[in-house]
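Contents: one structure, followed by commentary.
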Amino acid sequence: MTGVGIDAIEIRTGKLKLDLAETFAPAQGEDPGKYTKGLGLHASSFPDVYEDIVTMAANAAHRLMERKGLTPDDVGRIDVATESAFDNSKPVSTYVAGCLEEVYDDDFHHANKGERKFACIAGTQSLDDAFNWIRAGRNRGRAALVIATDTALYARDDPGEATQGAGAVAMLVDEDPDLVTFSTEQGFGSADETDFLKPNQQFPSVDGKRSVNVYLARMREALDDFAAQAGDLHPDDYAMVPFHTPFPGMVRKAAALGYRHIVRDTDVELALAEEIGRQPRPEEFKTREQYFDAMEEYTDELTETERYGDWYADSIEPTLSIAREVGNWYTGSVHVARAAGLKRSLEEGREMAGEQLLVASYGSGAQAEVHSETVQPGWREEIEALNVDEQIDDRYELSFEEYEQIHDVHNHDTETDVEEFTAPDGEFVFDGWGRMGERKYRYVR
């Protein structure tokens, strides 16, 4: 069998923008640098009144299918990953299929449909499911449509409020793909954690400090598990490292610890030892506290070296460019990071065909997954087809009062009548409620 991976990708961002420095920070009485420098975020994306996780998913999927010349018969599986679902029984994928059937002559009655939930890692798990389905030969020549769609909404005045975002990433998984192929090796780090959860509630309950620590711990475990299968890891083996990006500031921490972990016992550590010394080893200290303090000091010095700075600029920074403008998309965030990195490579004329990506996904609760991907010769055409820059530039910019209104619109516990801020055109829109409380949709031509 030929390689299996992502053949095409489309991104759909919410059509509204909240500027964190100019609009949110002054209203909160905060220094804008808390968001732009600390979190690494400039703006958040929000859905308009007629948008939600279904419309964003269906619009991304429709553009992908149109661009690739696909019909429903070409798709044998539709998997939606989300942690913003509004029904505990009917999966979002059925709504998405129903939307798409409005614009195609054929239907998706033959397609397997499902919904994945494991916080932000569910999008990657859905890709794994599609990969296994094709590798098992059960696809009958059809591709899988995997969509990660979320509205990451927090309660007002919650510490996570500035990281909000909304959007969808649609990915076509197939044999002999044009974008990337997946490695068969993958590493996991998983534990029963309560760092971030939504127990029968829309807004998350978050233990912020613990969430960061759990994220880093599970990532380290996943790296170790991946290395146990793939062999010794070296930073030079990977052109880019797309991380799950709840906000870029989190990735700064993860990248530093990941780099430190990978370079241990390599030529890179030896070279760095001349400048900042050798990495501390546990056996050199009487207590764990002393060891951890030494490691923290070493990591701080590591991030100040030119070698680390160059690696970060090449391998991490390019993957954060879209996230800075749209915020956290939960299940879609690591897939936005992949697209952002490849997009920057295209803009800079960097040839990526044959290069390796080390993709690091994470979901609270908690689990991390690490796998590698090989960029394919058709990557340029796929990334050139993205119109995410136009979407970001065309967003309606909210005042703070308008932000408060749209927050209420998408809060399940409030009822509010707000006029739409933008006019729908050639897209699926939310169209009210059905007789059993279901959400209804239509296509606006």
A careful count of residues in region 1-40 that are open to solvent by 10 Å² or more (accessible area, probe 1.4 Å), hydrophobic (A, V, I, L, M, F, W, C) and closer than 21 Å to ALA337 by Cβ gives 1
Of everything in region 234-252, what is part of a loop (DSSP other than H, G, I, E, B) and either open to solvent by 10 Å² or more (accessible area, probe 1.4 Å) or in contact with a strand residue (DSSP E or B) (Cβ under 7 Å, 6 or more places away or on another chain) (or both)? Give them in sequence order. HIS234, TYR238, ALA239, VAL241, PRO242, HIS244, PRO246, PHE247
Do any residues in region 371-399 that are part of a loop (DSSP other than H, G, I, E, B) have Cβ atoms under 8 Å from those of residues that are hydroxyl-bearing (Ser, Thr, Tyr), where the two are at least six apart or on different chains, and which pairs are they? GLN376/THR181; ARG395/THR13; ARG395/SER45; LEU398/THR23; SER399/THR23
Counted residues in region 33-70 being more than 14 Å from THR422 (Cβ to Cβ) and not in a helix (DSSP H, G or I) come to 8
Could you check, for region 333-350, whether at least one of its residues is among the β-branched types (Val, Ile, Thr) and either surrounded by fewer than 18 Cβ atoms within 10 Å (Cβ to Cβ) or in a helix (DSSP H, G or I) (or both)? yes
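Considering only region 431-441, state which residues are out of contact with any Phe, Trp or Tyr (no Cβ under 7 Å at 6 or more places or on another chain) and either open to solvent by 70 Å² or more (accessible area, probe 1.4 Å) or on the phi > 0 side of the Ramachandran plot (or both).
Scanning region 431-441 gives GLY432, TRP433, ARG435, MET436, GLY437.
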May I ask you to verify whether VAL103 is among the aliphatic types (A, V, I, L, M), surrounded by fewer than 20 Cβ atoms within 10 Å (Cβ to Cβ), outside any strand (DSSP E or B) and in contact (Cβ under 8 Å) with a residue 24 or more places away in the chain? yes
Restricting to region 198-219, count the residues that are crowded, with 18+ Cβ neighbours inside 10 Å and charged (D, E, K, R). 1
Would you check which residues across region 166-197 are under 30 Å from PHE292 (Cα atoms), surrounded by fewer than 19 Cβ atoms within 10 Å (Cβ to Cβ) and not charged (D, E, K, R) and list them? PHE188, SER190, ALA191, THR194, LEU197
Residues in region 72-82: is at least one part of a loop (DSSP other than H, G, I, E, B) and within 20 Å of the chain's Cα centre (by Cα)? yes
Please verify whether SER364 is within 21 Å of the chain's Cα centre (by Cα) and at pLDDT 95 or above, treating the condition exactly as stated. yes
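The values are calculated or read from the model by the stated rules, or taken from the named source; none is laboratory data. Since we're looking at a predicted model, the values are computed, not measured. Don't worry about glycine lacking a Cβ; one is built from the backbone with ideal geometry, like all the others, and counts go over all protein chains shown. Side chains are part of the model used for accessible areas, which takes the heavy atoms of the whole protein and leaves out ligands, DNA and RNA. Shrake-Rupley method; radii C 1.70, N 1.55, O 1.52, S 1.80 Å.
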